[in-house]
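Step one of this worksheet: look at the structure below.
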Amino acid sequence: MQAMLDGSLNGVILLEAVYDSQQTVTDFRIVAANQTLGDMTGINVQNIIGNTMGAVYPGYKAGGFFALYCQTLADGKPRRNEYYYEDEQLNGWFEVSITRQDSHLVLTTTNTTEAHKAGETAELAAVRLQQIIDVAQTGIAVLKPTFDEAGQVMDFTFATVNRVMAQLVSETTDAIQGKPISNWFLSYRETDVFSHFKHTYLADEIRRFDIHYDIDGFDIWVDVQSVKLDDTVIVTFTDYTLLKEVQHALEQQAADNQRQTELINSVLDSSDSGIIAFEAIRDPAQQNTIVDFKFMVINRACIGLLGKTIDEMMGQKLLTIFPGNVETGLFELYKHTTETGHPSRTEVYYNHDGLDFWLDISAQKLGDGFVVTFTDVSPIKRANKAVEASAAELTTVIDTAQAGIFLFEPVFDDLNEVVDFRFRLANRQLAAYVGQEPAALTGQLGSRWFPDYKQNGLFDTYRKAYTSGRTQRFDFHYDADGIDAWLDIMATKMGNEVLVTFADYTNLKRLQRQLEHSITDLRRSNESLQQFAYVASHDLQEPLRKIQSFGDVLQARFGPGLGEMGSDMIGRMQTAAGRMSSLIHDLLTYSRLSAKPAEMKPVALSGVLSRVIDDLDIPIRETGATIQLIDLPTVPGDESQLRQLFQNLITNALKFRQAAVPPVVIIRSRLVAVTDLPPEVMVVRKVPLYQCISVTDNGIGFDQKYAERIFQVFQRLHARSQYDGTGIGLAIVQRVVDNHGGAIRASSEVGRGATFELYLPG
């Protein structure tokens, strides 16, 4: 029996109550204890058997343990808790399971101090992880489930978020950490997002999916990957319970063997770990060599772990039921423990005999055989693989990122001043600048590969980020060490290091410079063109005026003598000269519009059109035209240019009228959002809203296939003999619209009038 106790990986104590004369429990006496308890607490177990708990552990009453023991003795309910115990002999974290066996208590103890230390280390790692994810270009959130009264997952809470996630909901990271997702994503529990998160948590499966989230005031497409980690959704952590070993005692000289066996079996069956006692089977013909083992004792946990009933295994040979023990090496380990008495412990992947799991196995010699305790640690292994996969994925992301990424740790001199930085991590984008692999830079000084960074200001900026703790974001032209690059750099302190990310925009900078040169050349060309236009218009107008003047003189003085043919030729000459004068005037107007930017100020279009109508009073009356102005707005613009625009459009409407039909021109406006602009409307400057000014007439119209051609210089749809004009009027309209950052389109049918729609930033 003591050997069975000593084979447990947990400390086991058997207690009996000590009563006073009033039959009140005053303490508990230690009836039995195993060696594991002694190893765990540093106490000689032989010296404590027969003593009371108060004598061995003076602090156990003050710590509340005595009260728990009394409750368990009274109500028979098992209890399990974790405590921090500290006195002169012992301090640390312990997980204790208390069960009642008849009139006795069985205590099973596991030392969890190392697990708590690991937790503290994990907290430091969590701080480092938070710092890393806060400088990432993608959104990261660690979600913790919340449950309803029935134990069902009802929501998830933001446990940890990075700045990108916080920016998505226009909050700070502190403002949303610890708050439910549904505070911001009100309806997400009715979408697949919640289903995926819940499935990841409950089924321990990685989920990756795309989702278009267009409710709750959002309209976003998101590529989401959810992984379970511990009790959160990001990476997987399976909380598993430490091995619960055999708890039995009852080592009374007077107890019969049957009751002792029942007590041992009860203790065994209370364990979550599989526990089996084996007896060696030896072959006398082979010098008593162990050839197999026989199942002698099996606890109930083995049924679920091994997939067989106790009756199917009891008394059978190990290698008959589970022959895979030979291939995995477990059979040799068990033989070694039985022959030498040395305890064994190992982790093994068992993929035989219909089983597929990782086992944590401990074997302890018992008589001519051994006791084995084993636990399924597959969830832990899966979690470790997920962590390794995530680490490999992160490395791939860093190495394939278009941005350069490296981590600098400071190098100090004797005066504790930062004198350089050493690469602790570098990605391929950075290493490519010096023609190396990332591993060649790792561990090397920054000045080893980039000597000039100590003198060109980069080192000083990185040192400032380290010493001040403030992120530094700046543009930098690195023109040294064989490198000529324009960089957008961000340096952020992360723990005791500096994380640097940068984007190379050298090609963009070169294009910018080329564009600046082109703009300068174009400006010079425009100035020359404008100067030429002024000179040309002046030099050409003067001869035309003389031609017209001399023509008038010829007609007045010599007209009768020239005859009908001579008078006709003079008339044609003057008509051509007048047409040429109009053409030069329109070209000069077009040139000025192209060279001179619009002087923007609020312009009331109703006032502009009233003045245009006054200017066109004579042709309006001659044609019997009607001009209707409906709800015209005030727009930012150049009044002079807008006046030219509407004068050209109304003049065209009067000119291209239908015979015997008085012209009707209707000018109205409406607001149009940028998202509602027709696809063919290409505005020069994008703003949220545009004023759409439509000018509609009832004239002769035109074929819609010419809707774009009519805005080109010198483009005419009719011969001069039919309609006068230079073919520049609509080109001037187009130029004015462009100067105002808008767009124009025309629609028409032959014989059904035309509509010109002007889209001006409103």
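The values are calculated or read from the model by the stated rules, or taken from the named source; none is laboratory data. Just so it is clear, the model here is predicted, and its values are computed rather than measured. Glycine also receives a Cβ, built like all others from the backbone with ideal geometry; neighbour counts cover every protein chain displayed.
Scan region 328-335 and give yes if some residue there is in the same structural domain as Cys302 (by TED's automatic domain parsing), under 16 Å from Ile275 (Cα atoms) and either touching a strand residue (DSSP E or B) at 6+ places or on another chain (Cβ under 7 Å) or aliphatic (A, V, I, L, M) (or both), otherwise no.
Yes, there is a match, as at least one residue in region 328-335 is in the same structural domain as Cys302 (by TED's automatic domain parsing), under 16 Å from Ile275 (Cα atoms) and either touching a strand residue (DSSP E or B) at 6+ places or on another chain (Cβ under 7 Å) or aliphatic (A, V, I, L, M) (or both).
Go through region 46-81 and report how many residues are of a type in the set (D, E, K, R) and part of a loop (DSSP other than H, G, I, E, B). Steps first, please.
First, the residues of region 46-81 that are of a type in the set (D, E, K, R): 61, 75, 77, 79-80.
Going one step further and asking which of them are part of a loop (DSSP other than H, G, I, E, B), we end up with 61, 77.
Looking only at that region, the number is 2.
Each row is one residue, and each column tells you yes or no for (1) surrounded by fewer than 19 Cβ atoms within 10 Å (Cβ to Cβ); (2) more than 15 Å from Ile405 (Cβ to Cβ); (3) in contact with a Phe, Trp or Tyr (Cβ under 8 Å, 6 or more places away or on another chain).
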| position | (1), (2), (3) |
| --- | --- |
| Tyr462 | no, no, yes |
| Arg470 | yes, yes, no |
| His477 | yes, yes, yes |
| Asp481 | yes, yes, yes |
| Ala485 | yes, yes, yes |
| Met490 | yes, no, yes |
| Lys493 | no, yes, yes |
| Thr501 | no, no, no |
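Is it true that some residue in region 365-372 is part of a loop (DSSP other than H, G, I, E, B) and buried (at least 20 other Cβ atoms within 10 Å of the Cβ)?
Yes, region 365-372 contains a residue that is part of a loop (DSSP other than H, G, I, E, B) and buried (at least 20 other Cβ atoms within 10 Å of the Cβ).
Conditions: (1) without any contact (Cβ under 8 Å) to a residue 12 or more places away in the chain; (2) farther than 20 Å from Thr24 by Cα; (3) outside any strand (DSSP E or B). Ile43 meets all but one. Number of the miss?
The number of the failed condition is (1).
Across region 345-395, which residue is nearest to Ser271 (Cα to Cα) among those that are within 42 Å of the chain's Cα centre (by Cα) and among the aromatic types (Phe, Trp, Tyr)?
Phe374
Can you tell me which residue in region 670-689 is surrounded by the fewest Cβ atoms within 10 Å (Cβ to Cβ), limited to those that are in contact with a helix residue (DSSP H, G or I) (Cβ under 9 Å, 6 or more places away or on another chain) and in contact (Cβ under 8 Å) with a residue 60 or more places away in the chain?
Our first condition is that a residue be in contact with a helix residue (DSSP H, G or I) (Cβ under 9 Å, 6 or more places away or on another chain); within region 670-689, this holds for 683-684, 686-689.
If we keep only those that are in contact (Cβ under 8 Å) with a residue 60 or more places away in the chain too, we end up with 683, 687, 689.
Working: Val683: 19, Val687: 14, Leu689: 11.
Looking at the filtered set, the residue picked out is Leu689.
Take the residues of region 46-55 that are surrounded by fewer than 19 Cβ atoms within 10 Å (Cβ to Cβ) and either in contact (Cβ under 8 Å) with a residue 40 or more places away in the chain or of a type outside the set (S, T, N, Q) (or both): which is nearest to Ala363 (Cα to Cα)? So that I can check it myself, show each step before the final result.
The first filter runs over region 46-55 and keeps only residues surrounded by fewer than 19 Cβ atoms within 10 Å (Cβ to Cβ), leaving 46-47, 49-52, 54-55.
In the following step, the residues that additionally are either in contact (Cβ under 8 Å) with a residue 40 or more places away in the chain or of a type outside the set (S, T, N, Q) (or both) were identified as 49-50, 54-55.
On the way: Ile49: 26, Gly50: 29, Gly54: 33, Ala55: 33 Å.
Once the filter is applied, the top-ranked residue is Ile49.
Restricting attention to region 602-624, does a residue exist that is surrounded by 12 or more Cβ atoms within 10 Å (Cβ to Cβ), touching a residue at least 60 places away in the same chain (Cβ under 8 Å) and part of a helix (DSSP H, G or I)?
Within region 602-624, one or more residues are surrounded by 12 or more Cβ atoms within 10 Å (Cβ to Cβ), touching a residue at least 60 places away in the same chain (Cβ under 8 Å) and part of a helix (DSSP H, G or I).
Could you please find all residues in region 503-519 being under 22 Å from Arg428 (Cβ atoms) and either assigned to a helix (DSSP H, G or I) or free of Cβ contacts under 8 Å to residues at least 12 places away in the same chain (or both)? I'd like the intermediate steps shown before the answer.
Of all residues in region 503-519, those under 22 Å from Arg428 (Cβ atoms) come to 503-508.
Once the filter is applied, which keeps residues that are under 22 Å from Arg428 (Cβ atoms) and either assigned to a helix (DSSP H, G or I) or free of Cβ contacts under 8 Å to residues at least 12 places away in the same chain (or both), region 503-519 yields Thr506, Asn507, Leu508.
For a quick check of your reading: which helices (runs of 4 or more DSSP H) sit entirely within region 398-481 and have at least 2 residues that are over 14 Å from Phe502 (Cβ atoms) and among the basic types (Lys, Arg)?
Values: elements: 428-431, 438-441, 446-449, 458-468.
Output list reads 458-468.
Give me the residue from region 373-388 that is polar (S, T, N, Q) and surrounded by fewer than 18 Cβ atoms within 10 Å (Cβ to Cβ) and, out of that set, modelled with the lowest pLDDT.
Our first condition is that a residue be polar (S, T, N, Q); within region 373-388, this holds for 373, 375, 378, 384.
Then keep just the ones that are surrounded by fewer than 18 Cβ atoms within 10 Å (Cβ to Cβ); that gives 378, 384.
Values: Ser378: 85, Asn384: 80.
The residue in question is Asn384.
Suppose the filter is at pLDDT 70 or above and assigned by TED's automatic domain parsing to the domain that holds Trp449; does Asp521 pass it? Show your work before the answer.
On the way: at pLDDT 70 or above: yes; assigned by TED's automatic domain parsing to the domain that holds Trp449: no.
So Asp521 does not fit the description; no.
Quick check: is even one residue across region 282-297 in contact with a Leu (Cβ under 6 Å, 6 or more places away or on another chain) and closer than 24 Å to Thr346 by Cβ?
Residues of region 282-297 in contact with a Leu (Cβ under 6 Å, 6 or more places away or on another chain): 292-293.
Still in the running and closer than 24 Å to Thr346 by Cβ: 292-293.
Taking every residue of region 282-297 in turn, at least one turns out to be in contact with a Leu (Cβ under 6 Å, 6 or more places away or on another chain) and closer than 24 Å to Thr346 by Cβ.
Give region 299-317 a look and list any residue that's surrounded by 17 or more Cβ atoms within 10 Å (Cβ to Cβ), without any contact (Cβ under 8 Å) to a residue 40 or more places away in the chain and in a helix (DSSP H, G or I), or say none.
Matches in region 299-317: Ala301, Cys302, Met313.
Please work out which one of (1) surrounded by 15 or more Cβ atoms within 10 Å (Cβ to Cβ); (2) at pLDDT 90 or above is the condition His352 fails and give its number.
Looking at each condition in turn, His352 falls short on (1).
Take the residues in region 698-751 that are among the hydroxyl-bearing types (Ser, Thr, Tyr) and modelled with pLDDT of 80 or more; name whichever of them is surrounded by the most Cβ atoms within 10 Å (Cβ to Cβ). Don't jump to the end; show me each part of the working.
The first filter runs over region 698-751 and keeps only residues among the hydroxyl-bearing types (Ser, Thr, Tyr), leaving 706, 721, 723, 726, 747-748.
With the extra rule that they be modelled with pLDDT of 80 or more, the set shrinks to 747-748.
On the way: Ser747: 15, Ser748: 21.
Only one residue tops the list, namely Ser748.
Here are some conditions: (1) crowded, with 16+ Cβ neighbours inside 10 Å; (2) out of contact with any strand residue (DSSP E or B) (no Cβ under 7 Å at 6 or more places or on another chain); (3) at pLDDT 90 or above. Gln530 meets all but one. Which one does it not meet?
(3)
Go over the candidates Thr346, Thr320 one by one and state the one that is loosely packed, with under 15 Cβ neighbours inside 10 Å and under 20 Å from Lys308 (Cβ atoms). If you could, list the steps in order and put the result at the bottom.
On the way: Thr346 fails: under 20 Å from Lys308 (Cβ atoms).
So the residue among Thr346, Thr320 that is loosely packed, with under 15 Cβ neighbours inside 10 Å and under 20 Å from Lys308 (Cβ atoms) is Thr320.
Only residues in region 162-176 that are part of a helix (DSSP H, G or I) count as the first member; pair them with residues that are charged (D, E, K, R), Cβ under 6 angstrom, at least 6 apart or cross-chain, and list the lot.
Arg163/Asp134
Using the structure shown, decide if Lys686 is within 26 Å of Asp703 (Cα to Cα) and at pLDDT below 90.
Working: within 26 Å of Asp703 (Cα to Cα): no; at pLDDT below 90: yes.
Judged against the criteria, Lys686 is not a match.
Test each condition in (1) touching a strand residue (DSSP E or B) at 6+ places or on another chain (Cβ under 8 Å); (2) surrounded by fewer than 17 Cβ atoms within 10 Å (Cβ to Cβ) for Ala62 and report the one that comes out false.
The single condition Ala62 does not satisfy is (1).
Return the only residue of Gly404, Gly446 being at pLDDT 90 or above, within 20 Å of Ile483 (Cα to Cα) and surrounded by 17 or more Cβ atoms within 10 Å (Cβ to Cβ).
Details: Gly404 fails: at pLDDT 90 or above.
Residue meeting the stated conditions: Gly446.
On the given criteria, is Val227 touching a Pro at 6+ places or on another chain (Cβ under 9 Å), surrounded by 14 or more Cβ atoms within 10 Å (Cβ to Cβ) and among the β-branched types (Val, Ile, Thr)? Can you show your working first?
Numbers: touching a Pro at 6+ places or on another chain (Cβ under 9 Å): no; surrounded by 14 or more Cβ atoms within 10 Å (Cβ to Cβ): yes; among the β-branched types (Val, Ile, Thr): yes.
No; evaluated as a whole, the condition is false for this residue.
Would you call Ser195 part of a helix (DSSP H, G or I), surrounded by fewer than 19 Cβ atoms within 10 Å (Cβ to Cβ) and free of Cβ contacts under 8 Å to residues at least 24 places away in the same chain?
Values: part of a helix (DSSP H, G or I): yes; surrounded by fewer than 19 Cβ atoms within 10 Å (Cβ to Cβ): yes; free of Cβ contacts under 8 Å to residues at least 24 places away in the same chain: yes.
Judged against the criteria, Ser195 is a match.
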